[in-house]
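The next block holds one structure in the form of structure tokens; read it before the comments.
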Amino acid sequence: MWSHVDSTDGCFFFSGPAGTDDRLVGSARIERDGNHIKISIENAVFEGTYREGQLDLMRISSHAFDGPWLALERMHGRYVGGKMIARYRYNECELASE
């Protein structure tokens with residue numbers, strides 16, 4: 001469940017809870033190997049570390065809208081009692097086309 005979502009009026013996002021390409025909703029699959037952790041939400045896969053109850057995950061994805069774009073997403077927070085409580089950051093940039 002997402003809460004306290006802030007977004008810019010009139011904008012759309014390639015990924016996120018209301019993403020046009022990757023909707024980050026529903027159940028997440030969590031895989032852990034030592035400090036390495038992978039969280040999959042539908043086809044979106046975030047990878048990073050889990051140490052001392054703290055999560056630090058990121059994802060870079062490619063998208064197309066009048067040219068190529070990259071989206072960088074990051075989740076940082078904690079995983080306690082079967083719940084992930086984290087901040088989600090989303091940045092995107094248009095790539096130069098030849």
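See the values below:
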item	result
Any chance Ser7 is polar (S, T, N, Q) and part of a loop (DSSP other than H, G, I, E, B)	yes
Cross-chain or 6+ apart pairs with Cβ under 7 Å, the range 72-98 first and touching a residue at least 60 places away in the same chain (Cβ under 8 Å), then open to solvent by less than 70 Å² (accessible area, probe 1.4 Å) and among the small types (Gly, Ala, Ser)	Tyr90/Ser15; Tyr90/Gly16; Tyr90/Ala71; Glu92/Ala71
Subset tally (residues that are touching a residue at least 12 places away in the same chain (Cβ under 8 Å) and open to solvent by 40 Å² or more (accessible area, probe 1.4 Å)) for the range 45-57	6
Sole exception among (1) in a strand (DSSP E or B); (2) in contact (Cβ under 8 Å) with a residue 60 or more places away in the chain for Phe13, by number	(1)
Search result, residues across the range 70-89 that are at pLDDT 90 or above and in contact with a Phe, Trp or Tyr (Cβ under 8 Å, 6 or more places away or on another chain)	Ala71, Leu72, Glu73, Arg74, Met75
Subset of the range 16-44 (residues that are part of a strand (DSSP E or B), within 15 Å of Arg89 (Cα to Cα) and open to solvent by 60 Å² or more (accessible area, probe 1.4 Å))	Arg23
Members of the range 49-83 that are touching a strand residue (DSSP E or B) at 6+ places or on another chain (Cβ under 7 Å) and of a type in the set (A, V, I, L, M)	Leu55, Leu57, Met58, Ile60, Leu70, Ala71, Leu72, Met75
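Matching residues to (1) loosely packed, with under 14 Cβ neighbours inside 10 Å; (2) under 17 Å from Ala18 (Cα atoms); (3) within 13 Å of the chain's Cα centre (by Cα):
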site: Arg59; (1), (2), (3): no, yes, yes
site: His63; (1), (2), (3): no, yes, no
site: Arg74; (1), (2), (3): no, yes, yes
site: Gly77; (1), (2), (3): no, no, yes
site: Arg89; (1), (2), (3): yes, yes, yes
site: Glu92; (1), (2), (3): no, yes, yes
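The values are calculated or read from the model by the stated rules, or taken from the named source; none is laboratory data. This structure is a prediction, so every number in the text was calculated from the model and none was measured. Note that we place each Cβ from the backbone using ideal geometry, even for glycine, and neighbour counts take in every protein chain shown. Accessible surface is based on the protein model in full, side chains and every heavy atom, while ligands, DNA and RNA are left aside. Shrake-Rupley method; radii C 1.70, N 1.55, O 1.52, S 1.80 Å.
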